[in-house]
């Protein structure tokens, strides 16, 4: 669960100006346990919160600015949202991550004194990485400079920021610029590329800007760097809460399609759920999440290939299902502890005493799902285009979608 929340939630903006009065932040019913409970029921594994967006407002009481919750109306200035969320995540068994924007439209030294501002930002990093327990991910975006004053450019000390994270939270992964651990998937629509290598060429990665979009989407085969993609998308048109978007939450079909084209294409999915002005996950969003969970459970609750007998012959893996079964989704998992090797494959089923083609794919990686025509068969086989070790294919699973969905009939 990606969560965008802050002063923008109350001013109805996506990018705040930095001049907002902190008192506008007053989520009177805020309940982080409600957020965590919904995330857990939806099957999510972690929460990443925007602890500081471009407006510079901090959701924790920072010693380095007055533009924070300590000067808000919420909890009479005594609250610490990060502390409450950390406790809720611990209670519900969720990992905790932070989005923190290096761009700060409130701080007067931003873009005027690079060293002084980088020291300020590094100090804020230290605050959030030392006071709230284990952090599994630190998330940076690429925003830099004022829209109305493009000459106001801040040179970020990515090397110093990275050293701070590594020293204080060595198990945390870093998303964003600065030679991060994860790369952007190349869009904010929730769609990963069908061909998706976790590997990349370190010479084509720039510490201060994104690589070309086609490379971000596909990765680079046999690259010297393990740099997997992460997919982010919002459940609504915007990232922050806007009341007028309560009726524009993505449908179950749309969310299922996103899930198949992100989680099912070798990436991690960050699905943004904006917190409303009461400080809660809005009912429109929680209902959509529960409907998605029900749809996915209906599909993935029964693995048709679980007890199948597997046989390798040359570069073909055959699964004997032991009895005729109906399926329309295949899942492949690659043994990525040995690297990513599979670059082409096709699947066939034994129907009416002959093998018929069902579909084909390119890369696999951690996980690849392929939507197949609805098929009833007792055997399938997978041809791999190039020789691979037998133990490179970690799993092959088959499922039957729990509900007809025309959006998934053809992958786009």
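Residues being part of a loop (DSSP other than H, G, I, E, B) and at pLDDT below 95 are entirely absent from region 254-275.
Checking the structure you have, find out if any residue of region 82-99 is part of a loop (DSSP other than H, G, I, E, B) and farther than 30 Å from residue 297 by Cβ. The answer is no; no qualifying residue exists.
Kindly establish whether residue 247 is under 24 Å from residue 5 (Cα atoms) and not in a loop (DSSP other than H, G, I, E, B). It is false that residue 247 is under 24 Å from residue 5 (Cα atoms) and not in a loop (DSSP other than H, G, I, E, B). None of 223, 186 is on the phi > 0 side of the Ramachandran plot and crowded, with 19+ Cβ neighbours inside 10 Å except 186. Of the strands (runs of 3 or more DSSP E) lying entirely inside region 307-412, those carrying at least 1 residues that are within 26 Å of residue 268 (Cβ to Cβ) are 316-334, 345-351, 354-361, 368-384, 393-399. Considering (1) surrounded by 15 or more Cβ atoms within 10 Å (Cβ to Cβ); (2) out of contact with any helix residue (DSSP H, G or I) (no Cβ under 8 Å at 6 or more places or on another chain); (3) not in a helix (DSSP H, G or I), the lone condition that residue 284 does not fulfil carries the number (3). Among the residues of region 240-297, those that are touching a strand residue (DSSP E or B) at 6+ places or on another chain (Cβ under 7 Å) and farther than 19 Å from residue 32 by Cβ comprise 258, 259, 260, 262, 263, 264, 265, 266, 267, 268, 269. Taking the stated definitions as given, is residue 278 under 25 Å from residue 97 (Cβ atoms), over 19 Å from the mean Cα position of the chain (by Cα) and not assigned by TED's automatic domain parsing to the domain that holds residue 338? Yes; evaluated as a whole, the condition is true for this residue. Here 194, 137 are screened, and the one residue that is within 24 Å of residue 80 (Cβ to Cβ), surrounded by 15 or more Cβ atoms within 10 Å (Cβ to Cβ), touching a strand residue (DSSP E or B) at 6+ places or on another chain (Cβ under 8 Å) and touching a residue at least 60 places away in the same chain (Cβ under 8 Å) is 137.
The residues of region 4-38 that are farther than 15 Å from residue 60 by Cα and touching a helix residue (DSSP H, G or I) at 6+ places or on another chain (Cβ under 7 Å), listed by number, are 10, 11, 14, 16, 20, 24, 33, 35, 36, 37, 38. The condition of being surrounded by fewer than 17 Cβ atoms within 10 Å (Cβ to Cβ), more than 18 Å from residue 302 (Cβ to Cβ) and in contact with a strand residue (DSSP E or B) (Cβ under 6 Å, 6 or more places away or on another chain) holds for only one of 351, 347, that being 351. The number of residues in region 220-236 being more than 17 Å from the chain's Cα centre (by Cα) and either assigned to a loop (DSSP other than H, G, I, E, B) or not assigned by TED's automatic domain parsing to the domain that holds residue 175 (or both) comes to 5.
Kindly establish whether residue 63 is in a loop (DSSP other than H, G, I, E, B), farther than 23 Å from residue 143 by Cα and in contact (Cβ under 8 Å) with a residue 24 or more places away in the chain. The answer is yes for residue 63. Against the definition (on the phi < 0 side of the Ramachandran plot, surrounded by 21 or more Cβ atoms within 10 Å (Cβ to Cβ) and at pLDDT 95 or above), how does residue 251 come out, yes or no? So residue 251 fails the test.
The values are calculated or read from the model by the stated rules, or taken from the named source; none is laboratory data. Being a predicted model, the structure only gives us computed values, none of them experimental. In this analysis, Cβ positions are derived from the backbone assuming ideal geometry, glycine residues included, and neighbour counts consider all displayed protein chains.
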